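S.K.: Quick one: this structure, given as structure tokens, is what I'll be asking you about.
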Amino acid sequence: MPTIALELVPAAVGNGRETTIKEGRTVREKLEKAGIFNDINTVMIPQVIPEDEFRPVELEEKLDPIDTKRYLSESLPVDYIATQVTVYTPMEELRQRAERLKSEGINRVIFVGAPRVENERMVGPTPPEAISNLQDTIPSCGVILIPTRESEVDRFAAKVDAGASFGNTQLLFSDYITTFLDDLSKKTDKRPEIMLTFGYVPKAEAKVGLFEWMIWDDQPVVKDEIEFVSNIAEKPFDEKKEKLVDLYKQVIEGVHKYDFPIGVQFSIPYGISGPAFDTFSEMLDVWSPTRQPIGAVPGDD
């Protein structure tokens, strides 16, 4: 089944169980109110580690995705995807971790992490190395996809050759993914699922800049994406929703030119939001990978 996922960041460790159980109930309530509870078939839980510099918001120690999944499952009985940072964990320990993830009912894992050297040696494997070694443990291995990153076509194709069955895109604020898929379709005959990630931009972005930090790059197209985010952050809800839904439609129309399976993921980095879910609902009214057949273009009769 094509993926329609909601990303939920783990709660802080302190009171994490109670917070997560409450969050699951709140998410279900708001999804039901927006009319899309039955559309969401997957929850994606990132492993959050304090490795990134210049994060615009303070990062507390987060719950393990496995515990987060366990606490959310009662209210959100769907499939789960977890991200797993590979580069700090030796291969044998990573295998044990993968076996634990699977035993907890997590059958799709996104392996992520740039190579790291500690004490003049690599500690853990790169994502392609992890996938090559763990395909016998995890039924579906995925990777992060940053369409605007330099040489990403070659990088992603190599991950697919290593066994990646799906790619989870960075937040999309332009239709550049269409250019990426055009280049990728010429590079490989393999067709992994492409999970397109869309986010709601609240007013807080104008002061905090979390989205800007998440997508920042010196590529010209990324500068345009950052400008788009900046321009809509403080706009009235109806106008903001219209622009985000228009962007969604533009992206969907573009990617359907190619024969990649398409999924979608919705991201709420600033937290649970009724306006965000209302926006995602309208996006799915434009096109949904489960309501309409893969390849159907918005507006087709």
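The values are calculated or read from the model by the stated rules, or taken from the named source; none is laboratory data. Just so you know, these numbers come straight off a predicted model, no measurement behind them. FYI the Cβ positions are ideal-geometry reconstructions off the backbone, even for glycines, and counts take in every protein chain you see.
S.K.: What residue, of P261, P236, is surrounded by fewer than 17 Cβ atoms within 10 Å (Cβ to Cβ) and within 19 Å of the chain's Cα centre (by Cα)?
M.R.: P261
S.K.: Give the residues of segment 132-180 that are over 18 Å from the mean Cα position of the chain (by Cα), part of a loop (DSSP other than H, G, I, E, B) and closer than 24 Å to A98 by Cα, sorted by residue number.
M.R.: Q135, D136, T137, I138, P139, A162, G163 - these are the residues of segment 132-180 that are over 18 Å from the mean Cα position of the chain (by Cα), part of a loop (DSSP other than H, G, I, E, B) and closer than 24 Å to A98 by Cα.
S.K.: Taking segment 256-285 as the search range and keeping residues that are in a helix (DSSP H, G or I) and either at pLDDT below 95 or out of contact with any helix residue (DSSP H, G or I) (no Cβ under 6 Å at 6 or more places or on another chain) (or both), which one is farthest from V201 (Cα to Cα)?
M.R.: D285
S.K.: Moving to a separate point now. For segment 37-85, name all the residues that are modelled with pLDDT of 95 or more, among the β-branched types (V, I, T) and part of a loop (DSSP other than H, G, I, E, B).
M.R.: Answer for segment 37-85, where residues must be modelled with pLDDT of 95 or more, among the β-branched types (V, I, T) and part of a loop (DSSP other than H, G, I, E, B): I40, V78.
S.K.: Restricting to segment 193-211, name every residue that is in a helix (DSSP H, G or I), touching a residue at least 40 places away in the same chain (Cβ under 8 Å) and in contact with a helix residue (DSSP H, G or I) (Cβ under 8 Å, 6 or more places away or on another chain).
M.R.: Within segment 193-211, E205, F211 qualify.
S.K.: Then there's this: Go through K249, K235, K190 for me and flag whichever is assigned to a helix (DSSP H, G or I), modelled with pLDDT of 95 or more, more than 18 Å from T148 (Cβ to Cβ) and not polar (S, T, N, Q).
M.R.: Checking each option against the conditions leaves just K249.
S.K.: Do any residues in segment 35-48 that are farther than 20 Å from R97 by Cβ have Cβ atoms under 6 Å from those of residues that are part of a loop (DSSP other than H, G, I, E, B) and among the hydroxyl-bearing types (S, T, Y), where the two are at least six apart or on different chains, and which pairs are they?
M.R.: Taking only residues 6 or more apart or on different chains, the pairs are T42/T3.
S.K.: Would you pick out the residues in segment 8-23 that are under 17 Å from Q265 (Cα atoms) and either without any contact (Cβ under 8 Å) to a residue 40 or more places away in the chain or surrounded by fewer than 20 Cβ atoms within 10 Å (Cβ to Cβ) (or both)?
M.R.: Matches in segment 8-23: V9 only.
S.K.: I've got another one for you. Applying the selection to segment 178-231, what residues are of a type in the set (G, A, S) and more than 20 Å from V143 (Cβ to Cβ)?
M.R.: The answer is A204, A206, G209, S230.
S.K.: Could you grab me the full set of residues in segment 121-167 that are surrounded by fewer than 20 Cβ atoms within 10 Å (Cβ to Cβ) and charged (D, E, K, R)?
M.R.: Hits for segment 121-167 are R121, E129, D136, R149, E150, E152, D154, R155, D161.
S.K.: Please go through segment 12-67 and pick out each residue that is on the phi > 0 side of the Ramachandran plot and touching a helix residue (DSSP H, G or I) at 6+ places or on another chain (Cβ under 8 Å).
M.R.: G35, F54, listed by residue number.
Okay, residues lined up against (1) in contact with an Asp or Glu (Cβ under 6 Å, 6 or more places away or on another chain); (2) under 20 Å from W213 (Cα atoms); (3) surrounded by 17 or more Cβ atoms within 10 Å (Cβ to Cβ):
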residue	(1), (2), (3)
R28	no, no, yes
A34	yes, no, yes
I49	no, yes, no
V57	no, yes, no
E61	no, yes, no
L76	no, no, yes
A82	no, no, yes
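S.K.: Right, another one. Check off (1) more than 16 Å from the chain's Cα centre (by Cα); (2) assigned to a strand (DSSP E or B) for E29 and give me the number that stays unchecked.
M.R.: Among (1) more than 16 Å from the chain's Cα centre (by Cα); (2) assigned to a strand (DSSP E or B), the lone unmet condition for E29 is (2).
S.K.: Follow-up question, since we're still on this one. Give me the residue from segment 149-173 that is touching a residue at least 40 places away in the same chain (Cβ under 8 Å) and out of contact with any Pro (no Cβ under 9 Å at 6 or more places or on another chain) and, out of that set, farthest from I81 (Cα to Cα).
M.R.: Filtering first and then ranking leaves E150.
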